[in-house]
1. Need one number: nm distance between label points at V244 and K259, each 7 Å from Cα along Cα→Cβ, rounded to one decimal.
2. Using Cα positions and a limit of under 17 Å, work out the lysines in reach of K209, with same-chain residues fewer than 8 apart set aside.
3. Among L146, F25, G127, pick out the residue whose Cα is farthest towards the positive end of the charge dipole of the chain, where Lys and Arg carry +1 and Asp and Glu carry -1 on C-beta, about the Cα centre.
4. Which pairs, out of K153/K383; K311/K355; K278/K350; K289/K350; K259/K289; K278/K383, put more than 19 Å between their alpha-carbon atoms?
5. Stretch E203-Y292 to full length: gain in nm at 0.36 nm per residue minus the Cα-Cα span?
6. Go ahead and set up a Gaussian network model of the chain, Cα springs under 10 Å, then flag whichever of V244, V315, V287 fluctuates most.
7. Between helix 15-26 and the chain, what is the angle of the helix's C-alpha long axis to the longest principal axis, kept within 0 to 90° and rounded to the nearest 10?
8. Taking N as the number of residues in region 61-178, what is its Cα Rg relative to 2.2 N^0.38 Å?
Amino acid sequence: MSSQSSRPDLIPQTTADAAERDYFFENPPPPALEKHSGQAKEFIDFHAPAGRRVVLVTSGGTTVPLERQTVRFIDNFSAGTRGATSAEYFLEAGYAVIFLHRQFSLQPYSRHYSHATDCFLDFLHEGPDGSIVANEEYQSKMLEVLRRYNSAKKQNLLLTLPFTTINDYLFVLRSISQLMRPLGPDGLLYLAAAVSDFFVPPERMVEHKIQSTNATETQAVPEQTTKEQNEEETFDNFDSSPTVPRSKRLIVDLDPVPKFLKNLVDGWAPEGMIVSFKLETDPEILVRKAQYSLDRYQHHLVIGNLLSTRKWEVVFVAPNQSDTWIRVPRRRKKMTSSGIENMVGELGDKPLDPKDLPEGEPEMEIESLIIPAVEELHTSHIKRTRGTR
Ligand code: 9Z3
């Protein structure tokens with residue numbers, strides 16, 4: 001296993017190698033790295049001899065701590081719905097799943113009962129003998145979910161590993177993808193986590209909670225200096241609130257997180273199939289950005305999605321293939337001659353307009369369409385790789 005202390009003498013071959021060497025040397029490995037890598041190794045060693053396909057699903061957001069003893073951090077919106085839902089469909093398709101998720105984000109199976117809108121207590125009541133009973137109307141679905149969960153556990157098909165920060169994520173991703181090498185093309189990396197693009201490098205990270213006042217300072221600041229300083233500080237072109245002096249603001253200075261997809265493709269998991277996600281908010285640039293990512297990293301599939309429509313449609317961008325939109329049907333009230341409501345098919349190669357979408361969640365989970373399509377591409381990837389050996 002690679003660790004912080006084992007890489008500094010590595011001679012970098014490329015810029016990507018140098019960025020990898022520097023990042024993993026300068027940043028501390030998370031304390032649970034060895035434990036989690038050990039669990040992943042055991043899981044892979046269990047499934048590889050059986051020739052089972054193993055997918056690493058990454059899920060949820062990544063935090064960016066502002067202090068070493070972290071009180072404050074920057075985060076993003078991701079709840080882990082895509083990752084947790086995809087993991088279930090991969091299990092149904094016969095994959096063994098390593099579910100690398102942001103701690104406390106949604107998890108396969110328990111996701112059905114863990115959100116504020118679906119609080120598990122609302123599904124239960126107390127029986128006459130004091131036992132806990134599932135409400136009649138939810139029983140069949142709950143039983144179904146419970147059976148699938150227990151079956152995955154019993155067959156050792158699901159390994160869940162948590163991370164919190166962007167740094168934890170990068171260390172564990174590197175370790176697990178390297179451990180997946182013996183799987184060859186049977187390994188699949190499905191990178192759905194919403195990865196932060198910026199972070200505070202260790203040399204600029206303070207140890208303790210960032211202070212908002214200097215109340216702990218014993219020496220009084222001379223009144224004259226403070227006044228002059230304030231006058232100087234209020235003159236600031238970028239200042240939207242000139243009454244707040246610069247010394248009282250928190251200005252966060254972030255570095256870009258190195259893009260390790262190239263390292264993943266070329267070195268960490270060279271034979272596995274790699275699927276990344278591209279998230280945008282502007283429909284005008286989504287496909288172009290996904291294509292750019294594919295050209296730059298030379299992996300196998302980019303799944304593009306827009307924040308506002310991500311549960312309704314995604315676009316597959318793959319080498320030598322035309323871009324393919326995958327959409328779940330919207331139910332529209334359209335009366336047929338028999339007076340029955342009809343489903344209207346979803347066509348077209350342009351992103352949907354969020355204004356045209358019905359309120360609430362789609363009736364079908366889009367991952368039920370994404371995973372079979374990924375599985376098909378994975379099958380071709382395996383055939384192609386084995387055929388050229
Ligand atoms: C995604 O695009 C996921 O589909 C979502 C899922 C994060 C939108 P939720 O968890 O959301 O279901 O609420 N993930 C990848 C986003 C990302 O960080 N991609 C990187 C990028 O766009 C490339 S690896 O640069």
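1. 3.3
2. Leaving aside lysines fewer than 8 places away in the same chain, those within reach of K209 are K248.
3. L146
4. As for pairs spanning more than 19 Å Cα to Cα, those are K153/K383; K278/K383.
5. Details: separation 89, 0.36 × 89 = 32.04 nm, distance 3.19 nm.
Taking 0.36 nm per residue and subtracting the Cα distance, the gain is 28.8 nm.
6. V244
7. Taking the Cα atoms of the chain, the angle to 15-26 is about 70 degrees.
8. Numbers: Rg = 17.3 Å, N = 118, 2.2 N^0.38 = 13.5 Å.
Taking N as the residue count of region 61-178, the ratio is 1.28.
The values are calculated or read from the model by the stated rules, or taken from the named source; none is laboratory data. Treat the numbers as computed from the prediction; the structure is a model and nothing was measured. Please note: Cβ atoms are built from the backbone with ideal geometry, for glycine as well, and neighbour counts cover all protein chains shown. Heavy atoms of the whole protein, side chains included, go into the accessibility calculation; ligands, DNA and RNA do not. Shrake-Rupley method; radii C 1.70, N 1.55, O 1.52, S 1.80 Å.
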